[in-house]
Amino acid sequence: MRWTLKPKPSEDKIKHLAQALNVEDFVATLLVQRGIETFEEAKAFFRPSLEHLHDPYLMKDMDKAVLRIENAIQNNENILVFGDYDVDGTTAVSLVSAYLKSHYSNVATYIPDRYLEGYGVSFKGIDYAEDNGFSLIIALDCGIKSIEHVAYAKEKNIDFIICDHHRPGDTLPEAVAILDPKRSDCHYPYDELCGCGVGFKLIQALGQNRDETIEDLIPYLDLVATAIAADIVPMTGENRVLAHFGLKVINENPRPGIKALVHQVKKQTLDITDVVFIVAPRINAAGRIKHGNHAVELLTEFDFEQAQQFASEIEQYNSDRKGLDQQITKEALSQIIEQNEEERFSTVVFKEDWHKGVIGIVASRLIENYYRPTLVFTKSGDKYAASARSVKGFDVYNALEACSEHLEQFGGHMYAAGMTLKAENYNQFKNAFEKQVQETILPEQRIPEIEIDAEIDFNQITPKLIRILKQFEPFGPQNMTPVFLSKNVKDTGYGKTMGQQDEHIRLFVKQNNSEGLAAIGFGLGNKMPMVTDQKPFELAYCIDENEWNGKITTQLRLKDIRA
């Protein structure tokens, strides 16, 4: 692990903000590091407001999208809400279809089959629309590159509205409207929305047309917050506002489907991390193991008893997913060793019977072992399909674009992508990708990094600081949980390893004459020799609160330990 202390902002900026907010310089430093430099910016950060949401009509083509939907309703047309099978896609489909159905009955949903149709808009989906008399398809979290599909639909007199957040190619599909803040000709003030976020802007615009207020749309924000958490988009601007209010809905008055999922794990109050690790994987498991329709059924069900039935089925899919993910990770690690590929710059592995639904998770697991851009391939029909994951700072989408001559199709983001290729092109692509990564990855991008916000002493960890840090939530990319460094720390002699293979560590630590603090480090069991016999060491950690038997205590969540 590389420990990097974030550069300290200028003293002038720190003093100015500390004075304006009446906070310690230390807190002002954390804020300036997040790009918050004025009283007004701090107020917006600490007090998110629905008034901070932008006018949806600032998005290119929003007027066209709303007009086409209103005409469809007026002319009694059938509308098909189409979306991808992951969390972002299924929450977006649930959101837009539920909103439309609350005003109009001729609305149905379509989630492509991960195995038979693959990612994004499918010809099979368009044939389904034609066979069932749909004349308008609203595509969510996909479609920005579906030029042939939209043309195919046009031949059948089916219109498309595309709501996407992925990077467009050089040519856009000939849809009636394309809502994508990443379009180069779209000047919407915030371009980091997820697919469900773009869907929310659409219903916000439709609502304005009906004289509905933003308060009328609050019940949909549990879906938006879930998508924001799952899709790992920046926790800034509109995303932060939507996540903040969406978490309130999840904790106070969630839809029956989300309530049933949370009920399964019996947790009282969820934060954004819980949404990432509890709610999102279960919704995802439906599309990974069975079919994304199961997630939409759950998220649009109004009867709690029925939702509980759906949730228990999804719980089983999630359990199956865990077993597959462990087995395939093990096989992939063996393959890397057998093929003598431990020293490469990239990981590219393939086995034809690996379950397509979990290869993205496996790619992330492999990065935990070999920290480098990773692609996991499996057989999909007569092609090979892969999920890609990347390491901090390395744009895997750009690397795939550089090797695109070997690919059939690809799409995604900087850190996650999907692709297909012909079987005979696999080895050429694998070599080209390795060469591209080797030539473009920076030496520091090959070592995992812990970014540290500030060095502090234990005596600075006060209830007041913890109260302030709580107000930094919800955390996520570009607003991560603050990480602190403390030096000259010693264990009081109560340190021990935990877990079946002693893989975790639990310490009780002091610094000079400070009060003792409990500390827990997951996956840090191998660091135990560093902390024994009163040896001093350094800690990188986040500050947590631990609730046990109704009592709340401060606890350090360790990121790393070094001598």
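Within segment 393-441, the GluC sites (Glu not before Pro) that combine a DSSP coil assignment with at most 15 other C-beta atoms in a 10 angstrom radius are Glu408. Couplings for segment 124-136, taken from phi via the Karplus curve 6.51 cos²θ - 1.76 cosθ + 1.60 with θ = phi - 60°, read 4, x, 5, 4, 4, 4, 5, 4, 10, x, 8, 10, 9 Hz in order; Gly and Pro are left as x. Residues whose amide H comes within less than 5 Å of that of Asp159, counting only those at least five positions distant or on another chain, are Leu136, Ile137 (H built at 1.01 Å from N in the peptide plane).
Antiparallel DSSP bridges in the chain: what percent, to the nearest 5? So the antiparallel bridges in the chain amount to around 60 percent.
From the Kirkwood radius over Cα pairs of segment 339-446, Stokes-Einstein at 10 °C and 1.306 mPa s returns a whole-number translational diffusion coefficient of 117 µm²/s.
Note on the chain: Rg/Rh from C-alpha atoms, Kirkwood Rh, equals 0.97.
Close amide H partners of Ala454, meaning residues 5 or more places away or on another chain with modelled amide H under 5 Å apart, are Val483, Leu485.
Please check which bits of segment 364-379 a label hung off Glu331 would reach, taking the label as a point 7 Å along Cα-to-C-beta and the cut-off as backbone N under 17 Å. Answer for this model: 364-366, 375-379. Normalised radius of gyration (Cα atoms, divided by 2.2 N^0.38 Å) for segment 311-385: 1.15. For segment 462-563, chymotrypsin sites (Phe, Trp or Tyr not before Pro) are listed when DSSP marks them as loop and at most 11 other Cβ atoms sit within 10 Å of their Cβ; the list is Tyr494.
Distance from the alpha carbon centroid of segment 449-489 to that of segment 264-326 works out to 32 angstrom.
Net charge within 12 Å of Tyr152 by Cβ-Cβ distance, Lys/Arg positive one each and Asp/Glu negative one each, not counting Tyr152 itself? For residues surrounding Tyr152, the net value is -2. With θ taken as phi - 60° and the Karplus curve 6.51 cos²θ - 1.76 cosθ + 1.60 applied, the whole-hertz 3J(HN,Hα) list for segment 303-314 is 8, 5, 5, 5, 4, 5, 5, 4, 5, 6, 5, 5 Hz, x standing for glycine and proline.
For segment 95-254, the C-alpha radius of gyration sits at 1.06 times the compact-globule guess of 2.2 N^0.38 Å, with N the residue count.
3J(HN,Hα) couplings calculated from phi for segment 425-437 with the Karplus curve 6.51 cos²θ - 1.76 cosθ + 1.60 (θ = phi - 60°) are, in sequence order, 9, 4, 5, 4, 5, 4, 5, 5, 5, 4, 5, 4, 5 Hz; Gly and Pro show x. Taking each pair of distinct Cα atoms in segment 170-237 once, what is the resulting Kirkwood hydrodynamic radius in Å? Across segment 170-237, the inverse of the average 1/r is 13.4 Å. The ratio of the alpha-carbon radius of gyration of segment 453-563 to the globular-protein estimate 2.2 N^0.38 Å is 1.05. Working value for segment 240-372: equivalent-ellipsoid semi-axes of 34, 17, 11 Å, each the square root of 5 times a Cα gyration tensor eigenvalue, largest first.
With a cut-off of at most 16 other beta carbons within 10 Å, and DSSP calling the residue loop, which GluC sites (Glu not before Pro) in segment 289-322 qualify? Please list them. Answer by residue number: there is no such site. What are the residues whose amide H is under 5 Å from the amide H of Tyr188, where those residues sit 5 or more places off or on another chain and H is modelled from the backbone? Sorted by chain and number, the residues that satisfy this are Lys60.
All of the numbers you see were taken from the coordinates with simple rules; none came from a lab. Since the structure is predicted, the reported quantities are computational estimates derived from the model, not experimental observations. Neighbour counts run over all protein chains shown; Cβ positions are idealised from the backbone, glycine included.
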